[in-house]
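The values are calculated or read from the model by the stated rules, or taken from the named source; none is laboratory data. On a predicted model such as this, the values are computed, not experimentally measured, just so you know. Glycine also receives a Cβ, built like all others from the backbone with ideal geometry; neighbour counts cover every protein chain displayed. Note: areas computed on protein heavy atoms with side chains; ligands, DNA, RNA excluded. Shrake-Rupley method; radii C 1.70, N 1.55, O 1.52, S 1.80 Å.
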Amino acid sequence: KAGVTQTPRYLIKTRGQQVTLSCSPISGHRSVSWYQQTPGQGLQFLFEYFSETQRNKGNFPGRFSGRQFSNSRSEMNVSTLELGDSALYLCASSSGPSNTEAFFGQGTRLTVV
Amino acid sequence: ELKVEQNPLFLSMQEGKNYTIYCNYSTTSDRLYWYRQDPGKSLESLFVLLSNGAVKQEGRLMASLDTKARLSTLHITAAVHDLSATYFCAVDGGTDKLIFGTGTRLQVFP
């Protein structure tokens, strides 16, 4: 079956702009979570959605937001981009509702210049 | 706050040798995951450990979980070059939230 699909794979944005990343989970999976990976901070949890509801949020500023649609696809948005937002953003899907194996997409590499 | 520590951070080992990566975590959790990441790639699920005493093996890798000690190990037997990658452990932080360790970068040389 198809895996987790993230688009786009690469993005270059300028400081102050905003960006939207997309994640399509494995068919039948209802939980989608997002992670930021940087060399300095490692892998950090951003937020998690299940059935269109945000159930958990990490320690990130309000510039980071997300949503989930009725087909379980999810988007995350980052507004007013800063240089420090440059990272690999990974999306994971699981069948949910909690504590099940998570499968990761290929990620979106965001570079802020 | 749940914290996850891995050691070592870097591991350079010769082919054919054995070694163990350690993952310690700070609060009670019955679920622990191991992932592999190749450079520039995503995370590949290796093992899901769901109970105290769980042991799983796949090829040259074996993972175990001791929930009382809050410790998981990933043991590498007779390392080969193809195992070169970064290995992460992750602990369930509730509601599909994973708290990741710092990662162990493994390099296997001839």
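Out of everything in segment B:73-96 that is in contact (Cβ under 8 Å) with a residue 12 or more places away in the chain and of a type in the set (S, T, N, Q), what residue ends up being nearest to the other protein chains (Cβ to nearest Cβ)?
Only one residue tops the list, namely B:Thr86.
Does segment B:9-25 include one or more residues that are touching a strand residue (DSSP E or B) at 6+ places or on another chain (Cβ under 7 Å), modelled with pLDDT under 95 and closer than 19 Å to A:Ser94 by Cα?
No, every residue in segment B:9-25 fails to be touching a strand residue (DSSP E or B) at 6+ places or on another chain (Cβ under 7 Å), modelled with pLDDT under 95 and closer than 19 Å to A:Ser94 by Cα.
Anything in segment A:73-87 that is surrounded by fewer than 20 Cβ atoms within 10 Å (Cβ to Cβ) and either within 14 Å of chain B (Cβ to nearest Cβ) or under 16 Å from B:Leu46 (Cα atoms) (or both)? List them, or say none.
If the condition is that a residue be surrounded by fewer than 20 Cβ atoms within 10 Å (Cβ to Cβ) and either within 14 Å of chain B (Cβ to nearest Cβ) or under 16 Å from B:Leu46 (Cα atoms) (or both), then no residue fits.
Considering (1) buried (at least 17 other Cβ atoms within 10 Å of the Cβ); (2) within 18 Å of A:Ser94 (Cβ to Cβ), say which one B:Ser45 fails and leave the rest.
(1)
Looking at segment A:24-50, which of the residues that are open to solvent by less than 50 Å² (accessible area, probe 1.4 Å) and in a loop (DSSP other than H, G, I, E, B) is modelled with the lowest pLDDT?
Here the answer is A:His29.
Of the residues that sit in segment A:51-78 and are of a type in the set (Ser, Thr, Tyr) and outside any loop (DSSP other than H, G, I, E, B), which one is modelled with the lowest pLDDT?
Taking the candidates together, the pick is A:Thr53.
Here is a list of conditions, (1) in contact with a Gly (Cβ under 9 Å, 6 or more places away or on another chain); (2) away from chain B (no Cβ under 11 Å), and A:Thr20 meets all of them except one; can you say which number that is?
With (1) in contact with a Gly (Cβ under 9 Å, 6 or more places away or on another chain); (2) away from chain B (no Cβ under 11 Å) applied to A:Thr20, the lone miss is (1).
Assess whether B:Thr102 counts as being assigned to a loop (DSSP other than H, G, I, E, B), within 14 Å of chain A (Cβ to nearest Cβ), touching a residue at least 12 places away in the same chain (Cβ under 8 Å) and at negative phi.
Yes; evaluated as a whole, the condition is true for this residue.
Within segment A:100-113, is even one residue free of Cβ contacts under 8 Å to residues at least 40 places away in the same chain, surrounded by fewer than 20 Cβ atoms within 10 Å (Cβ to Cβ) and within 14 Å of chain B (Cβ to nearest Cβ)?
yes
Report those strands (runs of 3 or more DSSP E) wholly inside segment B:21-94 carrying at least 3 residues which are touching a Gly at 6+ places or on another chain (Cβ under 9 Å).
In segment B:21-94, B:61-66, B:85-92 are the strands (runs of 3 or more DSSP E) which contain 3 or more residues that are touching a Gly at 6+ places or on another chain (Cβ under 9 Å).
Please state which of the following conditions A:Leu90 fails to meet, knowing it meets all the rest: (1) within 12 Å of chain B (Cβ to nearest Cβ); (2) touching a strand residue (DSSP E or B) at 6+ places or on another chain (Cβ under 9 Å); (3) surrounded by fewer than 17 Cβ atoms within 10 Å (Cβ to Cβ); (4) under 25 Å from B:Glu5 (Cα atoms).
(3)
For segment A:59-72, which residues satisfy the criterion of being without any contact (Cβ under 8 Å) to a residue 24 or more places away in the chain and open to solvent by less than 30 Å² (accessible area, probe 1.4 Å)?
Matches in segment A:59-72: A:Phe64 only.
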